[in-house]
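The values are calculated or read from the model by the stated rules, or taken from the named source; none is laboratory data. Nothing here was measured: the structure is a model prediction, and the numbers come from that model. Positions of Cβ are backbone-derived with ideal geometry, glycine not excepted, and every protein chain shown enters the neighbour counts.
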Amino acid sequence: MVGTELLPAIEQIRDRLTNVREVIEVTPEGGEADPYEAWLASSAPVARPADVDPGDVCLVMYSSGTTGRPKGVMLTHTNMVEHTLNAHDGWVFEPGDKSMVAMPLFHVGGSSYVLFGIHDGIPSVMTRDPDGASLAGAILNGANRTFLVPAVLAQVLQSGPDAVKLFGALKTYTYGAAPMPLPLLRAAMEAWPDTDFIQVYGLTEVAGVATHLMPEEHRDALASGRTEVLVSAGKPIPGTEVRVVDPGTLADVPVGEHGELWLRSKQVMKGFLGKPEETAKVLVDDGWFRTGDMGRVDAEGFVYVQDRIKDMIISGGENIYSPEVERVLAEHPALMEVAVIGVPDDTWGETVKAVVACKPGASATEAEIIEFCRERLAHFKCPKSVDVVEALPRNPTGKILKRELRAPFWEGHDRSIV
């Protein structure tokens with residue numbers, strides 16, 4: 001299937017698509033005249049071919065590439081089926097529900113999420129882009145459950161009372177793929193008290209979700225004042241095991257201490273397409289997958305994701321996790337978007353830099369922002385410099401591209417972090 005605007009590009013390489021039997025055009029308008037709808041109407045169910053094995057690759061998804069070049073992740077039938085069953089635990093679609101699929105299908109947040117609706121036999125409303133008009137149209141068309149990145153939630157809350165009221169029609173709002181600032185989550189739960197919020201953490205390499213924070217855990221944490229639970233990634237979904245390992249010694253660390261998060265599950269990918277050496281770096285003995293994420297697991301089993309190992313800042317021998325600083329910056333009343341990166345320093349190796357965008361009509365100086373952080377953080381964790389920009393660079397799924405923010409500062413330095 002291909003969208004109308006990309007059809008000319010497909011025609012240019014059509015002779016090289018040796019395993020493609022038919023190209024189906026999908027028009028933005030849809031309707032009965034849509035070639036895709038006509039193709040569906042003329043098709044008939046077929047039995048599964050006998051030579052298809054559950055371990056066969058059925059999907060190649062490319063990782064987001066926020067810290068480096070994307071890699072093709074080979075996902076099998078087993079990976080996708082296990083994810084559909086395990087990540088769907090604890091919530092269901094009900095008769096009359098419609099699922100809004102607003103994440104692109106080239107991202108695991110779209111391709112895996114859409115299977116929940118198919119599994120439960122309910123219709124899905126697919127948006128071309130996660131913009132206000134498309135999302136509003138889907139909700140007006142009956143969509144009442146969705147998965148979106150936190151940046152979209154922020155835009156809705158900034159769009160006025162009509163938009164907030166419209167989004168109140170959602171029964172379930174699942175969010176992930178990027179950190180959710182605590183002030184934003186509080187504002188959302190206050191704006192939509194009847195909506196169930198579910199936070200998910202995962203990776204393309206595990207077909208999507210590995211842990212989740214369920215609606216009752218959101219409400220209990222808010223009611224009890226245990227806001228630290230709201231910044232956790234919840235607990236492992238069924239069928240997933242989590243270890244926290246010292247990335248240097250590869251020994252398990254004590255409960256509550258920091259290390260690299262390792263996952264084991266039937267959802268773990270087959271490997272990276274055409275990259276056996278890269279695969280061997282992350283798929284280790286006994287089926288464990290090295291996520292490249294630093295984190296910890298507390299005594300209750302809640303998983304806290306601190307940072308990507310590549311994003312961790314080492315200043316004067318101290319490890320600084322950018323999300324911890326970003327959560328403080330997000331509390332500043334003038335700031336809408338925040339990112340923290342490490343930049344080279346002749347004395348400390350790296351120092352902390354904040355790159356921020358202000359809310360419409362608001363402003364803040366570098367000195368004000370640094371002082372705000374010093375009142376709430378140890379000084380070595382605070383930004384030493386702040387850049388105020390119009391907007392932060394993001395990829396098509398809403399993740400901030402820190403490598404683009406870092407690039408001009410690390411040019412010509414030995415320890416270039418991509």
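Worth pointing out:
- Scanning the stretch 218-238 for residues that are in a loop (DSSP other than H, G, I, E, B) and over 19 Å from Pro181 (Cβ atoms) gives Ile237, Pro238.
- Of all residues in the stretch 99-123, those being of a type in the set (Val, Ile, Thr), in contact with a Pro (Cβ under 9 Å, 6 or more places away or on another chain) and within 16 Å of Leu75 (Cβ to Cβ) number 0.
Residue by residue, here is whether (1) under 19 Å from Phe409 (Cα atoms); (2) without any contact (Cβ under 8 Å) to a residue 40 or more places away in the chain; (3) in the same structural domain as Ala177 (by TED's automatic domain parsing); (4) surrounded by fewer than 17 Cβ atoms within 10 Å (Cβ to Cβ) holds:
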{"residue": "Val343", "(1), (2), (3), (4)": "yes, no, no, no"}
{"residue": "Thr351", "(1), (2), (3), (4)": "yes, yes, no, no"}
{"residue": "Ser363", "(1), (2), (3), (4)": "no, yes, no, yes"}
{"residue": "Val389", "(1), (2), (3), (4)": "yes, yes, no, yes"}
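Residue-wise test of (1) under 25 Å from the mean Cα position of the chain (by Cα); (2) of a type in the set (Val, Ile, Thr); (3) under 30 Å from Pro236 (Cα atoms).
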| position | (1), (2), (3) |
| --- | --- |
| Asp311 | yes, no, yes |
| Ser315 | no, no, no |
| Ser322 | yes, no, yes |
| Ile341 | yes, yes, yes |
| Ile369 | no, yes, no |
| Glu375 | no, no, no |
| Phe380 | no, no, no |
| Lys399 | yes, no, yes |
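- Ala210 being under 30 Å from Gly168 (Cα atoms), outside the structural domain of Tyr321 (by TED's automatic domain parsing), modelled with pLDDT of 95 or more and small (Gly, Ala, Ser): yes
- Among the residues making up the stretch 283-314, a single one is more than 20 Å from Val200 (Cα to Cα), in contact (Cβ under 8 Å) with a residue 40 or more places away in the chain and buried (at least 19 other Cβ atoms within 10 Å of the Cβ): Asp311.
- Among the residues of the stretch 154-171, the one identified as under 21 Å from Asp220 (Cβ atoms) and crowded, with 19+ Cβ neighbours inside 10 Å is Leu170.
- Selection within the stretch 268-282 - assigned to a helix (DSSP H, G or I), touching a residue at least 40 places away in the same chain (Cβ under 8 Å) and of a type outside the set (Asp, Glu): Val282
- Subset of the stretch 172-217 (residues that are part of a helix (DSSP H, G or I) and either touching a Cys at 6+ places or on another chain (Cβ under 8 Å) or within 17 Å of Gly239 (Cβ to Cβ) (or both)): Glu205, Val206
- Taken over the stretch 283-331, the criterion of being over 19 Å from Ala177 (Cα atoms) and either part of a strand (DSSP E or B) or touching a Leu at 6+ places or on another chain (Cβ under 8 Å) (or both) is satisfied by Leu283, Trp288, Val297, Ile313, Ile314, Ser315, Glu318, Asn319, Ile320, Val328, Leu329, Glu331.
- Looking across the stretch 295-310, the residues that are in contact with a helix residue (DSSP H, G or I) (Cβ under 8 Å, 6 or more places away or on another chain) and either at pLDDT 95 or above or closer than 14 Å to Lys381 by Cβ (or both) come down to Phe302, Gln306, Asp307.
- Residue in the stretch 257-275 that is assigned by TED's automatic domain parsing to the domain that holds Met74, within 22 Å of Thr227 (Cβ to Cβ) and among the charged types (D, E, K, R) present: yes
- Output for the stretch 80-112, where each listed residue is buried (at least 21 other Cβ atoms within 10 Å of the Cβ) and among the acidic types (Asp, Glu): Glu82
- Scope the stretch 258-282; condition more than 13 Å from Lys71 (Cα to Cα), aliphatic (A, V, I, L, M) and surrounded by 13 or more Cβ atoms within 10 Å (Cβ to Cβ); matching residues: Leu261, Leu263, Val268
- Counting only residues that are touching a strand residue (DSSP E or B) at 6+ places or on another chain (Cβ under 8 Å) and farther than 28 Å from Lys71 by Cα, the stretch 218-234 holds 4 of them.
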